[in-house]
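What follows is a set of notes on a single structure, which appears directly below.
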Amino acid sequence: MSEPLEIEIRNLFKIFGANPAAHVEAVRAGMTKAELNERHRHVLGLREINISIPAGAIQVVMGLSGSGKSTLIRHINRLIEPTAGEIIIDGQDVVKMAPEALREFRRHQTAMVFQKFALLPHRSVLDNAAFGLEVQGIDEAERLRIARHWIERVGLAGFEKSYPSQLSGGMQQRVGLARALANDAPILLMDEAYSALDPLIRYDMQTVLLDLQKEVRKTIVFITHDLDEALRIGDRIALLRDGSVIQQGTGQDIVLNPADDYVANFVQHVDRGKIVKVGSVMVPPGADAPGADGSIGAEATLLEALHRMVASGEKCLGVTGPSGQPVGLLPLDRAISAYAG
Amino acid sequence: MAWFDSFPQLADDNLRALKKTIDEAFRTFSRSYGASLETLFEPLKQFLIWSERVLVGTPWPIILLLAAGLAWAASRSWKIVIAAVVTLCLVGYFGMWEDTMKTISMILTSTLMSIAIGLPIGILMSRSNRVRAVINPILDVMQTMPSFVYLIPVVMLLGIGKVPGLIAVVVYALPPMIRLTNLGIREVDPDVLEAADAFGASRWQKLIKTELPLALPTIMAGVNQTIMMALAMVVIAAMIGVQGLGQPVLKAISNQYFTLGLFNGLAIVGIAILLDRISQAWGARLQKHRGVKHV
């Protein structure tokens with residue numbers, strides 16, 4: 001299994017148009033997307049993106065359509081050429097790679113899953129899953145062995161000989177996932193991979209991804225427009241609007257401390273109980289609070305704490321740290337007000 | 001008002017001189033290069049002679065078996081296999097077996113040549129809009145120029161016989177092959193191409209593993225059209241010495257032998273329908289897995 005790699009995106013700009021390089025300075029100096037379009041007929045894709053993605057983490061990039069999130073993910077394997085900026089992976093700047101080096105990089109360091117699946121319709125499930133390995137030049141017996149393994153892991157055993165057109169959307173995306181995982185690349189790029197699926201199937205596929213991630217530990221960049229999906233999957237979330245990152249941090253950071261009204265608006269309908277951890281809303285020990293009855297871990301969610309208090313009638317819980325030491329208190333009224341926002 | 005009543009044309013003398021100069025130049029060209037061009041086409045001629053000899057020389061039961069096997073391999077349909085055998089039997093029973101074999105040999109050779117020339121040109125054309133802008137008008141000329149007109153220089157250069165006939169047929173039958181190859185490749189789903197790029201496919205891998213297989217049904221439609229157009233040229237090619245079903249038709253026209261013309265004409269139609277159904281069934285089988293995509 002390959003070691004996960006970190007991804008460092010620095011000062012990335014993307015402008016679409018006839019002469020994009022000429023307008024980078026103006027955009028850097030603060031020209032807006034609307035101004036750029038009106039005055040110079042160029043479209044601002046991305047503005048000064050800086051994101052550090054730790055090795056082995058799931059980074060979600062979230063935004064509505066037109067926010068530039070799909071453009072951003074295509075810069076990581078350079079399916080789109082940036083106008084300015086750097087993308088450092090494993091000590092190398094992807095932006096400066098020569099074509100041959102870039103091809104090797106795409107073959108071995110990244111794998112991608114697409115919104116519209118992008119499977120080869122004339123190939124069976126097995127041959128689709130083996131496509132990346134075939135491009136790498138791995139011999140047939142070996143690549144089919146690996147592909148078969150991953151088809152099984154994504155829950156498609158028995159469908160090896162089927163064709164994509166015979167499968168449902170969810171199953172087709174499982175093939176897309178198997179194709180990407182078969183590559184064993186340290187970086188997995190998922191471009192709205194689940195957006196085309198029904199909510200229930202989407203939830204299933206998120207579970208598949210989270211389960212697999214425990215074992216394969218890849219650096220995953222996951223694009224989505226669905227906040228619930230972002231909060232469920234992402235170790236870290238970057239919110240994109242009009243090509244700029246307006247906030248990044250953990251899901252809890254974003255829900256508890258939205259950077260501006262736009263973000264606040266975005267997160268107001270989220271079920272905070274599932275996102276917020278007890279540790280971040282507790283009061284310090286010794287504060288003015290009723291005596292604690294039972295105790296709960298700081299990493300538990302607010303919803304779990306509330307369920308317990310309702311079930312047992314406890315008015316206040318002691319909060320304990322990782323080694324069981326008391327770190328604070330969670331009174332019922334505090335829990336309720338945090339839950340309501 | 002003379003200029004108003006009749007179009008102000010080039011003076012007769014000048015016009016005559018112009019035509020004469022061009023004719024003279026071409027005649028000189030064909031006199032000095034005709035022989036070397038003929039050597040150039042020698043391998044083609046040998047191949048034509050060889051394929052005709054094989055088809056004519058092979059005993060008829062074996063040809064029938066081969067035809068049935070081919071029809072089955074391409075279509076997996078008993079109806080088409082039986083139709084193929086019955087057509088060939090009728091053609092043979094009415095005394096046209098040898099001519100039919102000669103015609104089929106010609107069609108196969110010109111189709112192979114059209115694919116060999118048309119596929120790379122079509123691929124090239126799909127790669128660049130500039131190449132397409134150059135090639136498209138050439139294809140228009142090839143398809144609309146009356147065949148008799150380009151028979152003249154071909155005959156002047158290479159004389160009468162199999163090779164000039166083949167060239168005339170290929171000129172006529174090539175355009176659909178090029179056009180549909182270009183179209184097929186341009187219509188390949190860009191999402192799939194992006195996926196190929198994302199997995200690090202080289203240009204060649206992309207062509208072989210995604211573009212050509214995805215364009216294949218359209219390319220097969222081009223092959224089918226090429227075969228049909230080649231068959232349509234059989235009679236015209238007979239005028240410059242191509243043997244086969246076209247020659248009796250020519251004879252029938254000049255001597256007003258109605259039945260002779262009808263029999264050979266029907267044989268051409270029979271062969272055409274046969275080749276059409278076989279190649280179409282094959283194309284359809286290639287599309288088997290491209291049904292409606294569930295999303």
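The values are calculated or read from the model by the stated rules, or taken from the named source; none is laboratory data. Note that the coordinates shown come from a computational prediction; the quantities given were computed from them, not determined experimentally. As a convention, Cβ positions derive from the backbone with ideal geometry for all residues, glycine included, and neighbour counts pool all protein chains shown.
Does at least one position in the stretch A:108-117 carry a residue that is away from every other protein chain (no Cβ under 11 Å), part of a helix (DSSP H, G or I) and in contact (Cβ under 8 Å) with a residue 24 or more places away in the chain? Steps first, please.
Quick first cut of the stretch A:108-117, residues away from every other protein chain (no Cβ under 11 Å) only: none.
No, the stretch A:108-117 contains no residue that is away from every other protein chain (no Cβ under 11 Å), part of a helix (DSSP H, G or I) and in contact (Cβ under 8 Å) with a residue 24 or more places away in the chain.
Report yes if A:G328 is at pLDDT 85 or above and either aromatic (F, W, Y) or buried (at least 19 other Cβ atoms within 10 Å of the Cβ) (or both), otherwise no. Even if it seems obvious, please write down each step before you answer.
Working: at pLDDT 85 or above: yes; either aromatic (F, W, Y) or buried (at least 19 other Cβ atoms within 10 Å of the Cβ) (or both): yes.
Answer is yes for this residue.
Yes or no: B:E98 assigned to a helix (DSSP H, G or I) and modelled with pLDDT under 90?
Numbers: assigned to a helix (DSSP H, G or I): yes; modelled with pLDDT under 90: no.
No, not satisfied.
I'd like the full set of residues that are in contact (Cβ under 8 Å) with a residue 24 or more places away in the chain and of a type in the set (A, V, I, L, M), limited to the stretch B:168-193. So that I can check it myself, show each step before the final result.
Keep residues of the stretch B:168-193 that are in contact (Cβ under 8 Å) with a residue 24 or more places away in the chain, which gives B:168-189.
Listed by number, the residues that qualify are B:A168, B:V169, B:V170, B:V171, B:A173, B:L174, B:M177, B:I178, B:L180, B:L183, B:I185, B:V188.
Does A:A180 satisfy being buried (at least 18 other Cβ atoms within 10 Å of the Cβ) and either in contact (Cβ under 8 Å) with a residue 12 or more places away in the chain or more than 10 Å from every other protein chain (Cβ to nearest Cβ) (or both)? First the steps, then the outcome.
Details: buried (at least 18 other Cβ atoms within 10 Å of the Cβ): yes; either in contact (Cβ under 8 Å) with a residue 12 or more places away in the chain or more than 10 Å from every other protein chain (Cβ to nearest Cβ) (or both): yes.
So A:A180 passes the test.
Select from the stretch A:124-138 the residues that are more than 8 Å from every other protein chain (Cβ to nearest Cβ) and either within 25 Å of the chain's Cα centre (by Cα) or not in a helix (DSSP H, G or I) (or both) and list them in ascending order. Working first, answer last.
Here is the first cut: in the stretch A:124-138, the ones more than 8 Å from every other protein chain (Cβ to nearest Cβ) are A:124-130, A:133, A:137-138.
Across the stretch A:124-138, the qualifying residues are A:S124, A:N128, A:A129, A:A130, A:L133, A:G137, A:I138.
Can you tell me which of (1) under 27 Å from A:S165 (Cβ atoms); (2) touching a Gly at 6+ places or on another chain (Cβ under 8 Å); (3) more than 14 Å from chain A (Cβ to nearest Cβ) is the one B:L216 doesn't meet?
(3)
A:R103 - would you say it is surrounded by fewer than 23 Cβ atoms within 10 Å (Cβ to Cβ), among the basic types (K, R), facing chain B (nearest Cβ under 8 Å) and touching a residue at least 60 places away in the same chain (Cβ under 8 Å)? Lay out the reasoning, then the answer.
Values: surrounded by fewer than 23 Cβ atoms within 10 Å (Cβ to Cβ): yes; among the basic types (K, R): yes; facing chain B (nearest Cβ under 8 Å): yes; touching a residue at least 60 places away in the same chain (Cβ under 8 Å): no.
Spelling it out, it is not the case that A:R103 is surrounded by fewer than 23 Cβ atoms within 10 Å (Cβ to Cβ), among the basic types (K, R), facing chain B (nearest Cβ under 8 Å) and touching a residue at least 60 places away in the same chain (Cβ under 8 Å).
Of the residues B:L15, B:L55, B:L10, B:L66, which single one is outside any helix (DSSP H, G or I) and of a type in the set (A, V, I, L, M)? So that I can check it myself, show each step before the final result.
Values: B:L15 fails: outside any helix (DSSP H, G or I); B:L55 fails: outside any helix (DSSP H, G or I); B:L66 fails: outside any helix (DSSP H, G or I).
Of the residues listed, the single one that is outside any helix (DSSP H, G or I) and of a type in the set (A, V, I, L, M) is B:L10.
Applying the selection to the stretch B:26-47, what residues are under 19 Å from B:T109 (Cα atoms) and assigned to a helix (DSSP H, G or I)? Working first, answer last.
The first filter runs over the stretch B:26-47 and keeps only residues under 19 Å from B:T109 (Cα atoms), leaving B:38-47.
B:E38, B:T39, B:L40, B:E42, B:P43, B:L44, B:K45, B:Q46, B:F47, listed by residue number.
Of everything in the stretch A:190-204 that's out of contact with any Asp or Glu (no Cβ under 9 Å at 6 or more places or on another chain) and surrounded by 24 or more Cβ atoms within 10 Å (Cβ to Cβ), which residue is farthest from A:H108 (Cα to Cα)?
A:A193
Kindly indicate the residue of the stretch A:51-73 that is of a type in the set (S, T, N, Q) and part of a loop (DSSP other than H, G, I, E, B) and also modelled with the highest pLDDT among those meeting that condition. Even if it seems obvious, please write down each step before you answer.
Applying the first criterion (of a type in the set (S, T, N, Q)) to the stretch A:51-73 yields A:52, A:59, A:65, A:67, A:70-71.
Retained after the next criterion (residues that are part of a loop (DSSP other than H, G, I, E, B)): A:65, A:67.
On the way: A:S65: 86, A:S67: 90.
Selected residue: A:S67.
So, restricting to helices (runs of 4 or more DSSP H) that lie completely within the stretch B:158-215, which ones have at least 3 residues that are closer than 30 Å to A:A185 by Cα?
On the way: elements: B:162-186, B:190-198, B:203-206.
Result: B:190-198, B:203-206.
For every residue, the table says whether it meets (1) of a type in the set (D, E, K, R); (2) outside any helix (DSSP H, G or I).
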| position | (1), (2) |
| --- | --- |
| A:H75 | no, no |
| A:R78 | yes, yes |
| A:R106 | yes, no |
| A:H122 | no, yes |
| A:E142 | yes, no |
| A:R148 | yes, no |
| A:I151 | no, no |
| A:G176 | no, no |
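Any residue that is buried (at least 20 other Cβ atoms within 10 Å of the Cβ) and either among the β-branched types (V, I, T) or in a helix (DSSP H, G or I) (or both) - is there at least one of those in the stretch B:249-256? It would help to see each step written out before you state the result.
To start, the set of residues in the stretch B:249-256 that are buried (at least 20 other Cβ atoms within 10 Å of the Cβ) comprises B:249.
If we keep only those that are either among the β-branched types (V, I, T) or in a helix (DSSP H, G or I) (or both) as well, we get B:249.
The answer is yes; a qualifying residue exists.
Report the residue count in the stretch A:191-206 for those that are more than 11 Å from A:F222 (Cβ to Cβ) and part of a helix (DSSP H, G or I).
The number of residues fulfilling the criteria is 7.
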